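Novice: I am attaching a structure below and will ask some questions about it afterwards.
The values are calculated or read from the model by the stated rules, or taken from the named source; none is laboratory data. In this text the structure is predicted, and so the values were computed from the model without any measurement. Cβ sites come from the backbone with ideal geometry, for glycine too, and all protein chains shown count toward neighbours. What goes into the accessible areas is simple: the full protein's heavy atoms, side chains included, and nothing from ligands, DNA or RNA. Shrake-Rupley method; radii C 1.70, N 1.55, O 1.52, S 1.80 Å.
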Amino acid sequence: MKKSSWSIDSLVLIFSIILLAQLLVYLIPQGQYERIPYPDNPDRTMVVDNSYSATPEADQISTPPWYFLQAVPKGLSAAHDIIFLIFIAGGVIALLRRSGAIDAALFRAVSSLGGKPWILIAGCLVIFSLGAFTIGMGEEYVPLIPIIVTMCLAMRMDAVVAMGLVWIPYGIGWACSGINPFGVIIAQNIAGVPLTSGWAVRSVMMVFFLLVAFHHIYRYAMRVQNDPQASLVAHIDYTTGFDLPKDTGFTPRRILVLGGFIGAIILFVYGAGNHGWYIEELTAVFLGVGLLTALISRMSAGETSRTFIHGCAEMTAAALLVGFARSIEVVLSDAQIIDTVIHSIASLLTGLGPEASVIGMLAVQTICNFFIPSGSGQAFVTMPIMSPLATLTEVPQQSAVLAYQFGDGFTNMVVPTSALVMGALALGKIPYGAWVRFVTPLLLKIFALAIIFLVISLHLGEGLGF
């Protein structure tokens with residue numbers, strides 16, 4: 001589901017950036033690039049290289065000091081399709097959870113892996129990464145932390161291993177996501193590339209990242225099994241507080257619900273690839289899943305309505321973040337300074353080549369995630385600049401989206417500004433410092449591999465979705 005609890009701090013930060021954009025209007029000279037329609041999508045435009053020119057004084061636009069206030073409703077309006085998708089997806093996922101299908105499936109899958117440590121580690125990495133890869137699951141994983149801690153303790157491992165079995169594949173799944181409506185779909189929409197395109201290539205990348213993660217977790221788990229004092233949480237008492245959940249039966253109805261959901265995902269991927277389905281069709285598919293879930297689960301009309309509305313309500317902050325983040329581009333674009341910003345950055349990167357440019361994009365996205373722990377919010381803040389910048393530095397749009405995904409996803413494992421990270425650590429009784437010590441060496445290896453994949457992505461053909 002969504003990536004964090006969307007605390008007010010994120011909204012304050014984004015609104016501060018809107019105010020900063022308003023101040024930049026009076027400091028940055030106006031200018032514009034020529035734009036032409038995309039060859040395969042005439043409804044969208046791309047910048048023409050070497051076409052930037054300063055706006056003549058007679059044609060310059062005067063922006064009033066209060067324009068940042070007008071930009072907010074304009075931003076909400078401009079991002080309406082994504083905002084509606086977020087609301088609908090939130091309501092439908094609430095129905096899926098109400099049916100018990102998601103929790104039962106996760107519990108059954110994890111419980112069946114309790115034989116040998118390597119089976120548990122490998123199985124959890126696959127299961128939890130796929131949940132994030134498809135619908136951006138994350139909050140659903142938090143209640144499972146105590147269960148997996150209990151299983152790991154029974155196998156003479158520790159809570160750090162349990163956290164790693166959930167949160168590392170969560171981050172990898174987000175970073176390599178194929179159809180996550182809260183991340184890659186938004187970024188691809190802004191970049192003007194077909195929705196879900198490149199999912200097969202990213203799934204292959206995910207396999208390599210998971211192999212690196214398996215080696216890191218398994219090596220630490222074996223060290224703890226051989227010497228319990230080697231555990232990073234050896235000083236913490238784990239004798240109480242870890243009980244198994246109730247009502248996790250994998251009933252025929254829940255199996256049908258999951259089957260319908262998986263079928264809907266396959267249907268949309270097919271429609272997007274063969275019939276040009278986009279945000280409107282994706283929203284319709286989610287609505288269909290919600291109705292099917294309610295019918296199979298025999299929810300009353302009133303219960304379905306209340307559950308759906310509650311799920312939508314939980315997405316209110318996320319939707320507002322998207323609209324407010326879109327307002328940043330409104331201020332910069334309407335004042336005709338966004339192209340000046342892009343031109344200035346492009347001038348610095350043009351001589352370095354696309355390889356250095358795409359690595360620079362990864363660095364920017366990684367830093368941004370520490371301050372904007374919202375996948376959709378970060379996409380709307382960064383991609384309006386990164387997308388045209390990619391065109392000017394000869395970086396494919398798919399590579400720019402991939403840089404966003406990597407920078408946003410991998411740091412999901414560790415950012416202290418994410419309520420999900422801190423909440424999961426609290427449930428596992430894991431000090432933040434101990435978790436950082438465990439995951440930092442892995443992140444260094446993952447980012448090294450990410451840079452390699454980004455450079456490779458520059459040369460992948462359109463036939464592979466890039």
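Novice: Calculate the length of the line joining the C-alpha centroid of the range 142-181 to that of the range 307-332, in whole Å.
Specialist: Between the Cα centres of the range 142-181 and the range 307-332 lies a distance of 28 Å.
Novice: So for the pair Ile119, Ser344, with labels modelled 7 Å out along Cα→Cβ, what separation do we get in nm?
Specialist: 5.9
Novice: Report the net charge of residues surrounding Met157, where surrounding means a beta-carbon distance below 15 angstrom and charges are Lys +1, Arg +1, Asp -1, Glu -1.
Specialist: Computed value for this residue: +3.
Novice: In terms of solvent-accessible area of protein heavy atoms at a 1.4 angstrom probe, what is the ranking of Thr366, Thr251, highest value first?
Specialist: Result, largest first: Thr251, Thr366.
Novice: Pull out a ≥ b ≥ c, the square roots of the eigenvalues of the alpha-carbon gyration tensor of the range 53-171, then state rounded if a/c is under 1.5, prolate if not and a/b is larger than b/c, and oblate in the remaining case.
Specialist: Verdict is prolate for the range 53-171.
Novice: Let me check something: with ligands and nucleic acids excluded, how do Ile452, Ile88, Ile82 order by accessible area (1.4 Å probe), largest to smallest?
Specialist: Ile452, Ile88, Ile82
Novice: Want the number for Leu69 to Glu355: 0.36 nm per residue separation, take away the alpha-carbon distance, what's left?
Specialist: Extra length available between Leu69 and Glu355 comes to 99.1 nm.
Novice: Leaving out ligands, DNA and RNA but keeping every protein chain, what accessible area does Asp237 have, in Å² rounded to the nearest 10, with a 1.4 Å probe?
Specialist: About 90 Å², rounded to the nearest 10.
Novice: Heavy-atom accessible area of His215 with all protein chains present, probe 1.4 Å, nearest 10 Å²?
Specialist: Accessible area, nearest 10 Å²: 100 Å².
Novice: What spacing in nm lies between the two simple spin-label points modelled at Leu449 and Met155, each 7 Å away from Cα in the Cβ direction?
Specialist: Between Leu449 and Met155, the simple spin-label model gives 1.9 nm.
Novice: Of the lysine pairs in the chain, how many meet both conditions: Cα atoms under 29 Å apart, and a spacing of 8 or more in sequence or different chains?
Specialist: Taking the chain as the scope, the lysine pair count is 13.
Novice: Along Cα→Cβ, 7 Å out, is where each label goes; now give me the distance between the ones at Leu24 and Tyr238 in nm to one decimal.
Specialist: According to this spin-label approximation, the distance is 4.6 nm.
Novice: Per DSSP H run of at least 4 residues, take -39500 (n - 2.57); add these up for the chain, divide by its residues and hand me the 222 nm value, nearest 500 deg cm²/dmol.
Specialist: Roughly -22500 deg cm²/dmol at 222 nm, from the helical runs in the chain.
Novice: Further question: In nm, what is the difference between 0.36 nm times the number of residues separating Ile309 and Phe15 and their Cα-Cα distance?
Specialist: 103.2 nm is the gain from fully extending Ile309 to Phe15.
Novice: Here's a follow-up. Identify which of the listed values of Rg and Dmax of the Cα atoms in Å was calculated from the structure shown: (i) 22.7, 76; (ii) 26.0, 90; (iii) 22.3, 90.
Specialist: Matching the structure shown: (i).
Novice: How would you rank 175-188, 122-135, 255-268, highest first, on the average number of other Cβ atoms within 10 Å across their residues?
Specialist: So the peptides 175-188, 122-135, 255-268, ranked by packing, come out 175-188, 122-135, 255-268.
Novice: Between Ile36 and Val436, what is 0.36 nm times their sequence separation minus the Cα-Cα distance? Round to one decimal in nm.
Specialist: That pair, Ile36 and Val436, stretches by 139.4 nm at full extension.
Novice: So if I take the centroid of the Cα atoms in the range 57-101 and the same for the range 192-225, what is the distance between those two points in Å?
Specialist: If we compute the Cα centre of each part, the gap is 32 Å.
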